[in-house]
């Protein structure tokens, strides 16, 4: 099957499954709504903040507060895109139609990744502008130094979270097992490793900890040995490793 046909086939699969559409919609709503809420609360509390907190206040990053929950929906989206075919048994039909397993997997990732990128960018820009509206006089402008980079980075971060989840799902081939590992990893293990003194140096190299640096405009004095783009680069390496692992499993195991 030609590459164009593979792309069309994967696009049809994604848009015809209601769960993938709902998870992307949830990512948009949760990210924007929570970002607006935290921004509004920050505006009300700004004058009572300690001087040090006001000096280090990052209005751009505050508007992305909803990313912590929005990424949950992107993880679910990435897992469902890949593992739904295994759970329904459609993987055998798909591989019969596209026997070149690299074309099958990377066609799926290309379509889902492009969709995640479009949704992620729209969400990031909307979260920024609405968050800054809530912050009022304490907000930032898109033309301020580092702000456009952070907003673009927010969209890239959401996309990479989805693609990392696709790679993990391709390795594990089970939606329940994939979600059972990814959810605790991002929402428990990563936070613990990133905030405990004994493991901070390790935690800062995890995909979400490193990738989220791209969304920060005001630098943190925490001794992190990389900048915003360096952090995103580390996250990209995690994604490449996950996708390579997913392809290796697909190539060497029966459907």
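The table that follows gives values for the structure above.
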| quantity | calculated |
| --- | --- |
| Residue in the stretch 2-10 that is out of contact with any strand residue (DSSP E or B) (no Cβ under 7 Å at 6 or more places or on another chain), under 18 Å from residue 182 (Cα atoms) and at pLDDT below 85 present | no |
| Lone unmet requirement of (1) part of a helix (DSSP H, G or I); (2) in contact with a helix residue (DSSP H, G or I) (Cβ under 6 Å, 6 or more places away or on another chain); (3) in contact (Cβ under 8 Å) with a residue 40 or more places away in the chain for residue 106 | (2) |
| Qualifying residue in the stretch 20-36 (condition: more than 20 Å from the chain's Cα centre (by Cα) and either in a helix (DSSP H, G or I) or touching a residue at least 40 places away in the same chain (Cβ under 8 Å) (or both)) | no |
| Helices (runs of 4 or more DSSP H) wholly inside the stretch 109-203 containing at least 1 residues that are closer than 20 Å to residue 214 by Cβ | 147-172, 190-195, 200-203 |
| Number of positions in the stretch 114-128 that are in contact (Cβ under 8 Å) with a residue 40 or more places away in the chain and crowded, with 16+ Cβ neighbours inside 10 Å | 10 |
| Residue in the stretch 2-16 that is under 22 Å from residue 217 (Cα atoms) and surrounded by 21 or more Cβ atoms within 10 Å (Cβ to Cβ) present | no |
| Criterion: in contact (Cβ under 8 Å) with a residue 40 or more places away in the chain and surrounded by 18 or more Cβ atoms within 10 Å (Cβ to Cβ) - qualifying residue of 182, 193 | 182 |
| Selected residue (criterion: farthest from residue 243 (Cα to Cα)) from residues of the stretch 68-87 that are surrounded by fewer than 24 Cβ atoms within 10 Å (Cβ to Cβ) and more than 14 Å from the chain's Cα centre (by Cα) | 87 |
| Options 247, 226: the member that is within 19 Å of residue 75 (Cα to Cα), modelled with pLDDT of 90 or more, surrounded by 14 or more Cβ atoms within 10 Å (Cβ to Cβ) and more than 19 Å from the chain's Cα centre (by Cα) | 247 |
| Pick from the stretch 207-221, criterion in contact (Cβ under 8 Å) with a residue 24 or more places away in the chain and more than 13 Å from the chain's Cα centre (by Cα), ranking: surrounded by the fewest Cβ atoms within 10 Å (Cβ to Cβ) | 220 |
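The values are calculated or read from the model by the stated rules, or taken from the named source; none is laboratory data. Since this is a predicted model, take the numbers as computed values, not measurements. Quick reminder, even Gly has a Cβ in these numbers, built from the backbone with ideal geometry, and neighbours come from all protein chains shown.
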